[in-house]
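**Q** Sharing a structure below in structure tokens format, with a few things to ask.
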Amino acid sequence: MKCLFILDPISTLDPGHDTTVALMEATQARQHPVWITEMATLGVAEGQAWALAQPVTLEPVQWLNNRWHIPQPWFQLGEKEPVKLEDFAVVWMRKDPPVTIPYLYATYILDYVNPQKTLVVNRPAGLRAANEKMYALQFNAVIPETIVTQSKDTIKAFLAEREGAVLKPLGGKAGEGILFLHRDDRNLNSLIEISTHQGKTPVMVQQFLPEAKLGDKRIILLNGEPIGAVNRVPTGAEFRGNMAVGGRVEVTPLPSAIGLFVNRLPQPSNGMVYILWALM
Ligand SMILES: Nc1ncnc2c1ncn2[C@@H]1O[C@H](COP(=O)(O)OP(=O)(O)O)[C@@H](O)[C@H]1O
Ligand SMILES: [Mg+2]
């Protein structure tokens, strides 16, 4: 069962951190050939999605003495060749955000993979529908007060009533571009202008939750069943808890209020993995 992973350049991945490497290692351990490609090589010809891809062999990481040991080199690449995406059993879209125009176009190319022949994870239409940040707005009753706007006046009016707020670019990940805003900050105007590209790109602005210093939980659901959670705790010198900015990771029990969210999610299809983020 050949599997193709669409990646950021493989040399930029960290086998001790990146889930994508864990997925590729798990695929290889089950004797399935692993191939990789980058988003920029994707295209369509004769109604078929193509890519320039190469096989990869991984040297798995080892967990020893409380840390990951990464063999050097940890991967070996085969020859690049043009491939039809439908010749793979599974295509994993693992290119990291930011969600840019080329990222969105890649999802349109992936629409030209016949789902009867090949499983594309995540589904391209799902990637377009579930924006990194905006997806959460449908759970309005359980999220902090949140607005989405490109207007400086609207953001300043929101701030005027609060001790602080958090600004988030809509297509980011791993804490990138996340700002703490305070109405008295001398850089406030400039921070808003930079983030909204001079009022031309909408951003999310959210009530600041001081409880976030205790961490935010990543909850993993398989086929709609919550199966585990990790808490990411900010260092103390930084309000963002993301692992990519030094947040500490700890195992945590599933929050008791989890049912509130799970019942509101769309019916999962077979093998579907949801990941939720919550402060509970
Ligand atoms: N409303 C908030 N109040 C306090 N801290 C927040 C708030 N929103 C986000 N954060 C902090 O910033 C981090 C990154 O925000 P998040 O919305 O998860 O974006 P990303 O997709 O970049 O992870 C969170 O893990 C949390 O530590
Ligand atoms: Mg997050």
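**Q** Go over the candidates 279, 222 one by one and state the one that is modelled with pLDDT under 85, within 17 Å of residue 136 (Cα to Cα) and touching a strand residue (DSSP E or B) at 6+ places or on another chain (Cβ under 9 Å).
**A** 279
**Q** Then there is this: Name the single residue that is farthest from residue 43 (Cα to Cα) among those in region 59-113 being in a helix (DSSP H, G or I), of a type outside the set (A, V, I, L, M, F, W, C) and touching a Ser or Thr at 6+ places or on another chain (Cβ under 9 Å).
**A** It comes out as 87.
**Q** Can you give me the number of residues within region 166-210 that are charged (D, E, K, R) and over 19 Å from residue 243 (Cβ atoms)?
**A** Counting residues in region 166-210 that are charged (D, E, K, R) and over 19 Å from residue 243 (Cβ atoms) gives 6.
**Q** Right, something else. Mind checking which pairs have a first residue in region 162-178 that is in contact (Cβ under 8 Å) with a residue 24 or more places away in the chain and a second that is of a type in the set (Ser, Thr, Tyr) and more than 6 Å from ligand 1 (Cβ to nearest atom), Cβ under 6 Å, 6 or more apart or different chains?
**A** Listed by first residue and then by second, the contacts come to 167/195.
**Q** Taking the conditions exactly as written (near ligand 1 (Cβ under 9 Å from one of its atoms) and of a type outside the set (A, V, I, L, M)), does residue 177 satisfy them or not?
**A** So residue 177 passes the test.
**Q** If you don't mind, another one. Consider region 142-190. How many of its residues are outside any loop (DSSP other than H, G, I, E, B), of a type outside the set (Val, Ile, Thr) and within 16 Å of ligand 2 (Cβ to nearest atom)?
**A** 5
**Q** Another question, then. Out of everything in region 206-240 that is under 21 Å from residue 134 (Cβ atoms) and under 19 Å from the mean Cα position of the chain (by Cα), what residue ends up being farthest from ligand 1 (Cβ to nearest atom)?
**A** Among those residues, the one meeting the criterion is 221.
So that you can scan it fast, the table gives a plain yes or no per residue for (1) more than 12 Å from ligand 2 (Cβ to nearest atom); (2) of a type in the set (A, V, I, L, M, F, W, C); (3) in contact (Cβ under 8 Å) with a residue 24 or more places away in the chain:
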residue: 200; (1), (2), (3): yes, no, yes
residue: 209; (1), (2), (3): yes, yes, yes
residue: 212; (1), (2), (3): no, yes, yes
residue: 221; (1), (2), (3): yes, yes, yes
residue: 232; (1), (2), (3): no, no, no
residue: 237; (1), (2), (3): yes, yes, no
residue: 240; (1), (2), (3): no, no, yes
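**Q** Still on this model: Would you say residue 124 is over 21 Å from the mean Cα position of the chain (by Cα), farther than 30 Å from residue 198 by Cβ and not hydrophobic (A, V, I, L, M, F, W, C)?
**A** In short, no.
**Q** Which ones in region 202-241 are farther than 28 Å from residue 151 by Cβ and in a loop (DSSP other than H, G, I, E, B)?
**A** Hits for region 202-241 are 215, 223, 224, 234, 235, 236, 237, 238, 241.
The values are calculated or read from the model by the stated rules, or taken from the named source; none is laboratory data. Note that this is a predicted model, so its numbers are computed, not measured. Note that we place each Cβ from the backbone using ideal geometry, even for glycine, and neighbour counts take in every protein chain shown.
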